[in-house]
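Undergrad: Pasting in a structure now, in structure tokens, and then I'll have a few things to ask.
The values are calculated or read from the model by the stated rules, or taken from the named source; none is laboratory data. Everything quoted here is computed from the prediction, not taken from an experiment. Note: ideal-geometry Cβ built from the backbone for every residue, glycine included; neighbour counts use all protein chains shown. What goes into the accessible areas is simple: the full protein's heavy atoms, side chains included, and nothing from ligands, DNA or RNA. Shrake-Rupley method; radii C 1.70, N 1.55, O 1.52, S 1.80 Å.
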Amino acid sequence: MAVASWIERFEGLASLDQYARDELLRTGRIVEMPAGRRIFGPGQAPSSFMLMLEGTVRVHQISESGREIVLFRVTEGESCALTTACLLGYQDYIAEAVAETNIRAVAIPRETFDRLVARSAAFRRFVFMAFSRRVTDLCRVIDEVAFQRMDIRLAARLLDRAGTGSTLSLTHQELAAELGTAREVVSRQLHELQRRGWIVSGRGNIEIKDRAAIEALAHS
């Protein structure tokens, strides 16, 4: 990938003024990390603003008791809202990010980020629009955890992770982390779905057998 071409990969950056564009190309550097790499964790201060070119990063929190909840994922064409919040507020991270796949991203130094937020209206708009969308997503996560039935949430997550396919390579523990609950709760719910003949749950994988039924439950 040509260095100058990465800006066009991000909605909102194509309208940058020449000063902001030159600054991003001059100071930004393309970084690559393997799947499984821990990118940041609680107590660390962000040193750069990351723009994802390829791959997926999972951002999650782990409680003192060891329970994990996935807050959101950062995929191609996106930035990390938590990094944005920490950069703007001069705060340390309160969650952890791990590369779920091999990733390629552009790292914008903090000094450049601060300078462009102050001087470029187009860059500032890009940053805050992306941040706003992610805050809305997080509010949805909170609403689901606090108010929605677990079987409905589980059905929706199975469909989301399966995409257009029917098989998911996920353990019960990984699903529990996705939903912010205990593994035993997920196992009970999956057992009930299997009893109805809607899924087949094996070791490390789940096959959706009756997609229509799962969709009906997810939208109930």
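Undergrad: Search the structure for amide H atoms under 5 Å from the amide H of E100, placed 1.01 Å from N in the peptide plane, and list their residues when 5 or more places away or on another chain.
TA: Placed amide hydrogens put G36, T56, V57, R58 under 5 Å from E100.
Undergrad: Pull out the extension gain between E207 and L25, defined as 0.36 nm times the separation in residues minus the alpha carbon to alpha carbon distance; nm, one decimal.
TA: 61.0 nm
Undergrad: Anything in the chain that counts as a DSSP H helix reaching 24 Å or more along its axis (C-alpha) with Kyte-Doolittle mean of at least -0.5? List them, would you?
TA: 121-147
Undergrad: Carbon and sulfur: what percent of the chain's accessible surface (1.4 Å probe)?
TA: 50 percent
Undergrad: Then there is this: Please give the length that would be gained between D143 and T167 if that part of the chain were fully extended, namely 0.36 nm times their separation in residues minus their C-alpha to C-alpha distance (nm, one decimal).
TA: Extra length from D143 to T167 when fully extended: 5.9 nm.
Undergrad: Using only the heavy atoms of the protein chains and a 1.4 Å probe, how would V70, V135 rank by accessible area, largest first?
TA: My answer, sorted largest first, is V135, V70.
Undergrad: Tell me which residues come under 5 Å, amide H to amide H, from E76 once H is placed; ignore anything under 5 positions away on its chain.
TA: Those qualifying (amide H under 5 Å, at least 5 residues apart or on another chain) are G55.
Undergrad: Which of the trypsin sites (Lys or Arg not before Pro) across segment 19-57 are loop residues per DSSP, with 14 or fewer other Cβ within 10 Å?
TA: When the trypsin sites (Lys or Arg not before Pro) of segment 19-57 are filtered for loop state and at most 14 Cβ neighbours within 10 Å, R37 remain.
Undergrad: Ordering S220, S48 by accessible area with a probe of 1.4 Å, largest first, what comes out?
TA: My answer, sorted largest first, is S220, S48.
Undergrad: Along the principal axes of its C-alpha atoms, what lengths does segment 130-220 span, in descending order and rounded to whole Å?
TA: Here the spans come out as 39, 26, 23 Å, largest first.
Undergrad: If you don't mind, another one. Select one label from [x] 56, 36, 34; [y] 61, 36, 31; [z] 63, 35, 34: the one whose number is Cα extents along the principal axes in Å as derived from the coordinates shown.
TA: After the calculation, the listed value that fits is [y].
Undergrad: To continue, here is another question. Can you list the trypsin sites (Lys or Arg not before Pro) in segment 154-220 that are in a DSSP coil and have 10 or fewer other beta carbons within 10 angstrom?
TA: R203
Undergrad: Under a point spin-label approximation (7 Å from Cα along Cα-to-Cβ), what is the D17-S65 distance to one decimal in nm?
TA: The modelled label-to-label distance comes out at 5.2 nm.
Undergrad: Output the relative contact order of segment 98-220, whole-number percent, from Cα pairs under 8 angstrom with separation of 6+ residues.
TA: 23 percent
Undergrad: Where only protein heavy atoms count, and the probe is 1.4 Å, what is the accessible area per residue for the chain in Å²?
TA: 52 Å²
Undergrad: Rank these by accessible area, largest first, 1.4 Å probe: D151, D210.
TA: Largest accessible area first, the list is D210, D151.
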